[in-house]
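The values are calculated or read from the model by the stated rules, or taken from the named source; none is laboratory data. The structure displayed is predicted, hence computed values, not measured ones. As a convention, Cβ positions derive from the backbone with ideal geometry for all residues, glycine included, and neighbour counts pool all protein chains shown. All accessible areas refer to the heavy atoms of the entire protein, side chains included, with ligands and DNA or RNA removed. Shrake-Rupley method; radii C 1.70, N 1.55, O 1.52, S 1.80 Å.
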Amino acid sequence: MKIRTRKSALVTGGSGFIGSHLCTRLVDSDCDVLCLDNLYSGEKDNIAHLLDSPYFEFVRHDVTFPFYAEVDEIYNLACPASPIHYQRDPVQTTKTSVHGAINMLGLAKRTGAKILQASTSEVYGDPEIHPQTENYWGNVNPIGIRSCYDEGKRCAETLFMDYHRQHEVKTKIVRIFNTYGPRMHPNDGRVISNFMVQALQNKDITIYGDGSQTRSFCYVDDLVDALISMMATDDSVTGPINLGNPSEITIAEVAKMIVAITQSKSNISYVDIPLDDPKRRKPDIATAQKMLGWSPSLELENGLKMTAEYFKERI
Ligand SMILES: NC(=O)c1ccc[n+]([C@@H]2O[C@H](COP(=O)([O-])OP(=O)(O)OC[C@H]3O[C@@H](n4cnc5c(N)ncnc54)[C@H](O)[C@@H]3O)[C@@H](O)[C@H]2O)c1
């Protein structure tokens with residue numbers, strides 16, 4: 001039997017936006033990385049810089065089918081994350097979260113690997129409390145067009161906790177809030193990518209409503225720090241733990257900041273607000289601060305500058 005000396009990790013969804021940053025960081029920290037992705041919403045370009053590394057392997061595979069590999073850690077990120085992507089094939093989205101969780105938890109059970117689930121703030125649905133704490137059970141519509149994502153992720157959380165209680169699998173759940181940075185998909189319909197693309201093309205920046213609604217954005221490097229810290233916690237730490245940036249900013253301010261950073265000639269135009277657009281979205285990260293000693297450190301303006309550099313190259 002081969003004796004492994006380096007730590008090994010399987011990253012599902014590893015060629016997506018967050019997954020590619022996580023793979024890079026793990027390879028840089030002397031970890032053997034197996035990146036598993038079916039390229040549904042991810043791209044090979046996101047991991048092109050890793051393909052020559054002897055410590056990185058890409059496997060094209062759909063997590064809804066079983067997979068076997070001997071690894072120490074599993075980061076389960078596979079799932080399209082933007083509404084445009086996850087609503088394109090909603091049945092597949094639910095299967096990815098639910099069958100994907102079952103397959104990866106089965107693998108963790110057989111191999112004894114630790115496993116981390118990338119859950120989402122969307123498990124809180126249209127929240128009635130602000131900011132959201134982990135003990136809030138959420139307000140989710142089970143039959144709406146967002147349910148394939150929200151309910152799929154909620155069911156995955158259930159499976160993670162049951163595999164932990166019933167089979168003593170070393171599970172960890174993080175609930176990720178809005179994250180941004182280089183390698184976001186330019187057409188994913190999210191605020192920052194939309195504004196970046198419009199600004200760099202000097203097109204009107206479209207704000208839904210009057211722009212007074214607030215959001216909070218976490219830079220991807222900060223998030224990756226937290227994912228790695230969570231994986232390193234004691235086996236008794238299962239989460240769920242909120243991960244995100246609690247500093248709120250209005251959408252109008254984000255638009256102005258992006259115009260300034262990209263030195264764009266874009267005007268700002270206002271269109272009707274969609275019915276389900278939440279007024280506020282903000283994580284309570286007290287648990288992450290206490291359990292992981294983590295808080296996001298990068299200022300939005302600096303993160304947006306780095307993101308703009310990426311979009312300039314892509315567009
Ligand atoms: N980006 C955010 O703001 C955010 C917020 C909350 C939660 N998350 C979660 O983080 C994870 C990564 O999100 P992201 O923003 O990098 O999205 P992404 O779409 O860029 O990455 C997801 C990756 O999963 C892959 N994938 C999808 N279905 C698959 C399947 N059946 N089998 C194998 N691979 C599959 C895609 O090809 C893609 O590479 C997701 O689970 C998402 O739900 C992200």
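Rounded to 0.05, the FRET efficiency of the H167 and Y310 pair, given R0 = 35 Å and the Cβ-Cβ distance, is 0.25. Taking 18 Å as the cut-off, the amide N atoms of segment 44-72 that come nearer than this to a point 7 Å along the Cα-to-beta-carbon line of T111 belong to 54-72.
Cross-link reach is defined here as a Cα-Cα straight distance under 13 Å, omitting same-chain residues fewer than 8 places apart; for K265 the aspartates and glutamates meeting it are D204. Please report the spacing between the Cα centers of segment 232-258 and segment 138-196 in Å, no decimals. Cα centroid of segment 232-258 versus Cα centroid of segment 138-196: 13 Å apart.
Over the chain, DSSP H runs of length four or greater, each weighted -39,500 (n - 2.57), average out per residue to a 222 nm ellipticity of -11500 deg cm²/dmol.
Taking a ≥ b ≥ c as the square roots of the eigenvalues of the Cα gyration tensor, segment 236-315 is oblate, since a/c reaches 1.5 or more and a/b is not larger than b/c. Give the angle, between 0 and 90 degrees and rounded to the nearest 10, that separates the Cα long axis of helix 17-28 from the longest principal axis of the Cα atoms of the chain. Compared with the principal axis, the helix lies near 50 degrees. Here the Debye sum runs over all C-alpha atoms of the chain as equal scatterers in vacuum, and log10 of I(q)/I(0) at q = 0.12 Å⁻¹ comes out as -0.79. Can you give me the % of accessible surface on segment 1-132 that is carbon or sulfur? Probe 1.4 Å, all protein chains present, nothing else counted. Percent of accessible area from carbon and sulfur atoms in segment 1-132: 52. Accessible surface area normalised per residue over the chain is 46 Å², counting heavy atoms of protein chains with a 1.4 Å rolling probe.
Using the Cα gyration tensor of segment 82-154, with a ≥ b ≥ c the square roots of its eigenvalues, what is the shape: rounded (a/c below 1.5), prolate (a/b larger than b/c) or oblate (neither)? Note, shape of segment 82-154 comes out oblate. Each listed q (0.10, 0.15 Å⁻¹) maps to a log10 I(q)/I(0) for segment 1-122, found by the Debye formula over equal Cα scatterers with no solvent: -0.28, -0.63. Across the options L34, T233, G303, the greatest Cα extent toward the positive end of the charge dipole of the chain (unit charges at beta carbon of Lys, Arg, Asp, Glu) belongs to L34. As a calculated quantity, the FRET efficiency between L51 and D126 at R0 = 41 Å, using C-beta atoms, amounts to about 0.50. The phi-based Karplus calculation (6.51 cos²θ - 1.76 cosθ + 1.60; θ = phi - 60°) puts the 3J(HN,Hα) values of segment 55-63 at 9, 10, 9, 10, 10, 7, 7, 9, 5 Hz, whole numbers, x for Gly and Pro. Which pairs in the list K7/K305; K153/K282; K256/K312; K95/K172; K203/K282; K203/K312 are over 23 Å apart, alpha-carbon to alpha-carbon? Distance filter (> 23 Å) returns K7/K305; K203/K282.
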